[in-house]
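The values are calculated or read from the model by the stated rules, or taken from the named source; none is laboratory data. Computed from a prediction, not measured in an experiment: that's the story for all the values here. Here the Cβ positions follow ideal geometry from the backbone for every residue, glycine too, while neighbour counts run over all protein chains shown.
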Amino acid sequence: MITVETYADINQASAALGADSIYLGGGTLVMRALNYGEQNFSRIVRSTDPSLTQITMQGDRIQIGAAVTMASILAHPDLAFLAPVARQVGGPAVRNMASVGGNLFAEHPYGDLAVALLVLDGRVHLADGQEQDLEVFLAQRKGFNGIVASVSIARPNRPEDFRWLKISRTKPKGVSVMSIAAWLPAMAGRLQNPRIALGAMADTPMRAKAVEQTLEGATMDTAGIQNALTAIASQFNPPDDALASSWYRQQVAPIHLRRLLLNEGAGS
Amino acid sequence: MSKTPVSFTLNGRDTGVFVDGGANLLDALRRGAGDLSPKYGCGQGTCGTCTVLIDGEPHLSCLTLAETVEGRSISTTSGLQQGAQLHPLQQAFIDGFAAQCGYCSAGMLVAAKALLDTNPSPSRDEVIEAISGNLCRCTGYEPIIDAIMEAAAQMRSPGGLGRAV
């Protein structure tokens, strides 16, 4: 038997969580588990705290409530640079439900938004007041049983410095063969502190730090990115799945990274 | 087992059901309210045949916790027609052979209605995007896209059938 507990305050919801419970966000993960009888919980805890759906500008960062949906990202003018990412998460019905917080727990090959949040210096803010680097959080997410209150990201000075590419088998909606996000600030034509992250190339979305190192100070041309293409071929050991083998993903990763960096054939 | 009362508006009519803890909206509609139009397909957000409108926006009822729709407005395919008068979308699906086995049709129709409610003159690409979360294994999609475009044209025309539906 499942019981549902709804709390108006996120702190109350956080205090109510225990080993027999799970937190319900947008529903696309927890309700799926229920439909398939895969649940290992007897209590569903949820919160209607309004802070969970807020998007606030804080200097050069943006705080996005964990219950903000993909549709809400699409509708928010200050998050226009993230719209291409949100638009490629599911169809319209999924986008009305799938939340920023839930995306952090989506298993391979899902969780495209988290890839973008990674390159934007994502930080996870928990209901108990703790704050964690998103990459650390993703690496440890399996045993997590708290509540993500919000995610904060850096706001690119130049929105065009943020780039996104999702490769899928079907259009316009498809699951990722891989996704690549890049934040590419440059000074005098040379990259400064570039950040690259990939989705569906590991169990969780991951930064491509070896690739980032090769791009530091590089020019954005064929010669300038050559070392990055070599580095990405060896950095990841992606899982096999029904969409693509590990070998295939490794082989095509340099091609798609080149397309993203050189802006060859924008879109998905 | 204790049940939880949930009240909402279903196709304009005040409705109340009792649900088990953890029940999804699809179960509440089909078993509780007796509306059999939304269907169970994949149960994981892939097929879209359980799509309903919640406060005018498409949602997957099989992934919606029933208790979360308390006080909200639900629309399903059952509410499209007015008496014997089919909605232009339904008529266009019939005229254009946009349904074969019909299992996806309820979700397709609701997804299409959500589009036309906010965009009466959609492009073909916008129609494709609107039904991108709904799978059809029979038609190859083209008759469905054609039918939605035709219904939109009908609804825009002076005196178009079901304009106010």
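Return a yes/no flag: does the range A:2-12 have any residue that is within 13 Å of another protein chain (Cβ to nearest Cβ), of a type in the set (A, V, I, L, M), more than 22 Å from A:Ala66 (Cα to Cα) and surrounded by 15 or more Cβ atoms within 10 Å (Cβ to Cβ).
Yes; the residues of the range A:2-12 include at least one that is within 13 Å of another protein chain (Cβ to nearest Cβ), of a type in the set (A, V, I, L, M), more than 22 Å from A:Ala66 (Cα to Cα) and surrounded by 15 or more Cβ atoms within 10 Å (Cβ to Cβ).
Among the residues of the range A:2-60, which ones are in contact (Cβ under 8 Å) with a residue 12 or more places away in the chain and on the phi > 0 side of the Ramachandran plot?
Residue satisfying the conditions is A:Gly27 alone.
For a quick check of your reading: which helices (runs of 4 or more DSSP H) sit entirely within the range A:61-136 and have at least 3 residues that are within 14 Å of another protein chain (Cβ to nearest Cβ) and not small (Gly, Ala, Ser)? Working first, answer last.
Working: elements: A:70-75, A:83-86, A:92-95, A:100-103, A:112-119.
Passing ranges, in order: A:92-95.
Those residues that are surrounded by 17 or more Cβ atoms within 10 Å (Cβ to Cβ) and more than 9 Å from chain B (Cβ to nearest Cβ), I need them from the range A:30-42; list them, please. Reasoning before the result, please.
Let us first name the residues in the range A:30-42 that are surrounded by 17 or more Cβ atoms within 10 Å (Cβ to Cβ), namely A:30-32, A:34-35, A:41.
Once the filter is applied, which keeps residues that are surrounded by 17 or more Cβ atoms within 10 Å (Cβ to Cβ) and more than 9 Å from chain B (Cβ to nearest Cβ), the range A:30-42 yields only A:Phe41.
May I ask you to say which residue of B:Asp35, B:Asp55, B:Asp14, B:Asp27 is touching an Asp or Glu at 6+ places or on another chain (Cβ under 9 Å) and of a type in the set (D, E, K, R)? Can you show your working first?
Numbers: B:Asp35 fails: touching an Asp or Glu at 6+ places or on another chain (Cβ under 9 Å); B:Asp55 fails: touching an Asp or Glu at 6+ places or on another chain (Cβ under 9 Å); B:Asp14 fails: touching an Asp or Glu at 6+ places or on another chain (Cβ under 9 Å).
Every option except B:Asp27 fails the conditions.
What about A:Thr56, is it out of contact with any helix residue (DSSP H, G or I) (no Cβ under 7 Å at 6 or more places or on another chain), surrounded by fewer than 22 Cβ atoms within 10 Å (Cβ to Cβ) and within 14 Å of chain B (Cβ to nearest Cβ)?
Working: out of contact with any helix residue (DSSP H, G or I) (no Cβ under 7 Å at 6 or more places or on another chain): yes; surrounded by fewer than 22 Cβ atoms within 10 Å (Cβ to Cβ): yes; within 14 Å of chain B (Cβ to nearest Cβ): no.
No; evaluated as a whole, the condition is false for this residue.
Kindly indicate whether any position in the range A:69-77 is modelled with pLDDT under 95, of a type outside the set (Ser, Thr, Tyr) and either surrounded by fewer than 21 Cβ atoms within 10 Å (Cβ to Cβ) or within 17 Å of B:Thr46 (Cα to Cα) (or both).
Step one: of the range A:69-77, the residues modelled with pLDDT under 95 are none.
Looking through the range A:69-77, none of the residues is modelled with pLDDT under 95, of a type outside the set (Ser, Thr, Tyr) and either surrounded by fewer than 21 Cβ atoms within 10 Å (Cβ to Cβ) or within 17 Å of B:Thr46 (Cα to Cα) (or both).
So which residues in the range B:28-60 are within 11 Å of another protein chain (Cβ to nearest Cβ) and among the aliphatic types (A, V, I, L, M), if there are any at all?
B:Val52, B:Leu53, B:Ile54, B:Leu60
Going by the conditions given, is A:Gly25 crowded, with 16+ Cβ neighbours inside 10 Å and closer than 22 Å to A:Ser176 by Cα? Before the answer, list the steps.
Values: crowded, with 16+ Cβ neighbours inside 10 Å: yes; closer than 22 Å to A:Ser176 by Cα: no.
Against the criterion (crowded, with 16+ Cβ neighbours inside 10 Å and closer than 22 Å to A:Ser176 by Cα), A:Gly25 does not qualify.
Could you check the range B:61-165 for helices (runs of 4 or more DSSP H) lying wholly inside it with 1 or more residues that are within 14 Å of chain A (Cβ to nearest Cβ) and touching a Lys or Arg at 6+ places or on another chain (Cβ under 8 Å)? If you could, list the steps in order and put the result at the bottom.
Numbers: elements: B:88-95, B:105-118, B:124-130, B:142-156.
Output list reads B:105-118, B:142-156.
Anything in the range A:43-53 that is in a loop (DSSP other than H, G, I, E, B) and more than 13 Å from chain B (Cβ to nearest Cβ)? List them, or say none.
Here is the first cut: in the range A:43-53, the ones in a loop (DSSP other than H, G, I, E, B) are A:48-49.
Across the range A:43-53, the qualifying residue is only A:Asp49.
Within the range A:38-49, is even one residue under 20 Å from the mean Cα position of the chain (by Cα) and under 19 Å from B:Leu25 (Cβ atoms)? Full working, then the answer.
Filtering the range A:38-49 for residues under 20 Å from the mean Cα position of the chain (by Cα) gives none.
Within the range A:38-49 (the criterion being under 20 Å from the mean Cα position of the chain (by Cα) and under 19 Å from B:Leu25 (Cβ atoms)), the answer is no, since none of the residues qualifies.
Does the range A:183-194 contain any residue that is within 13 Å of the chain's Cα centre (by Cα) and either within 21 Å of A:Val89 (Cα to Cα) or within 14 Å of chain B (Cβ to nearest Cβ) (or both)?
Here is the first cut: in the range A:183-194, the residues within 13 Å of the chain's Cα centre (by Cα) are none.
The answer is no, given that none of the residues of the range A:183-194 is within 13 Å of the chain's Cα centre (by Cα) and either within 21 Å of A:Val89 (Cα to Cα) or within 14 Å of chain B (Cβ to nearest Cβ) (or both).
Inspect the range B:43-59 for any residue being in contact (Cβ under 8 Å) with a residue 60 or more places away in the chain, more than 30 Å from A:Ser47 (Cβ to Cβ) and not in a loop (DSSP other than H, G, I, E, B) and give the result as yes or no.
No, the range B:43-59 has no match at all.
Of everything in the range A:137-160, what is in a helix (DSSP H, G or I) and within 18 Å of A:Leu79 (Cα to Cα)? Give them in sequence order.
Applying the first criterion (in a helix (DSSP H, G or I)) to the range A:137-160 yields A:137-139, A:141-143, A:159-160.
A:Pro159, A:Glu160 - these are the residues of the range A:137-160 that are in a helix (DSSP H, G or I) and within 18 Å of A:Leu79 (Cα to Cα).
Only one of A:Thr204, A:Thr214, A:Thr219 is on the phi < 0 side of the Ramachandran plot, in contact with a strand residue (DSSP E or B) (Cβ under 8 Å, 6 or more places away or on another chain) and of a type in the set (Ser, Thr, Tyr); which? First the steps, then the outcome.
Working: A:Thr204 fails: in contact with a strand residue (DSSP E or B) (Cβ under 8 Å, 6 or more places away or on another chain); A:Thr214 fails: in contact with a strand residue (DSSP E or B) (Cβ under 8 Å, 6 or more places away or on another chain).
Of A:Thr204, A:Thr214, A:Thr219, the one residue that is on the phi < 0 side of the Ramachandran plot, in contact with a strand residue (DSSP E or B) (Cβ under 8 Å, 6 or more places away or on another chain) and of a type in the set (Ser, Thr, Tyr) is A:Thr219.
I'm checking my understanding of the structure. Among residues of the range A:172-182 that are touching a strand residue (DSSP E or B) at 6+ places or on another chain (Cβ under 8 Å) and buried (at least 17 other Cβ atoms within 10 Å of the Cβ), which one is farthest from the other protein chains (Cβ to nearest Cβ)? Let's see the steps before the verdict.
Taking the range A:172-182 and keeping what is touching a strand residue (DSSP E or B) at 6+ places or on another chain (Cβ under 8 Å), we get A:174-182.
Still in the list and also buried (at least 17 other Cβ atoms within 10 Å of the Cβ): A:175-182.
On the way: A:Val175: 9, A:Ser176: 14, A:Val177: 17, A:Met178: 20, A:Ser179: 17, A:Ile180: 21, A:Ala181: 22, A:Ala182: 25 Å.
Among residues in the range A:172-182 that are touching a strand residue (DSSP E or B) at 6+ places or on another chain (Cβ under 8 Å) and buried (at least 17 other Cβ atoms within 10 Å of the Cβ), the one farthest from the other protein chains (Cβ to nearest Cβ) is A:Ala182.
Would you check if A:Met178 is under 29 Å from A:Ile73 (Cα atoms), among the aliphatic types (A, V, I, L, M), assigned to a loop (DSSP other than H, G, I, E, B) and modelled with pLDDT of 95 or more? Walk me through how you get there before you give the answer.
Numbers: under 29 Å from A:Ile73 (Cα atoms): yes; among the aliphatic types (A, V, I, L, M): yes; assigned to a loop (DSSP other than H, G, I, E, B): no; modelled with pLDDT of 95 or more: yes.
Criteria not met by A:Met178.
Report yes if A:Ile167 is in a strand (DSSP E or B), touching a residue at least 24 places away in the same chain (Cβ under 8 Å), of a type outside the set (Gly, Ala, Ser) and crowded, with 20+ Cβ neighbours inside 10 Å, otherwise no. Steps first, answer last, please.
On the way: in a strand (DSSP E or B): yes; touching a residue at least 24 places away in the same chain (Cβ under 8 Å): yes; of a type outside the set (Gly, Ala, Ser): yes; crowded, with 20+ Cβ neighbours inside 10 Å: yes.
Taking the combined requirement at face value, the residue satisfies it.
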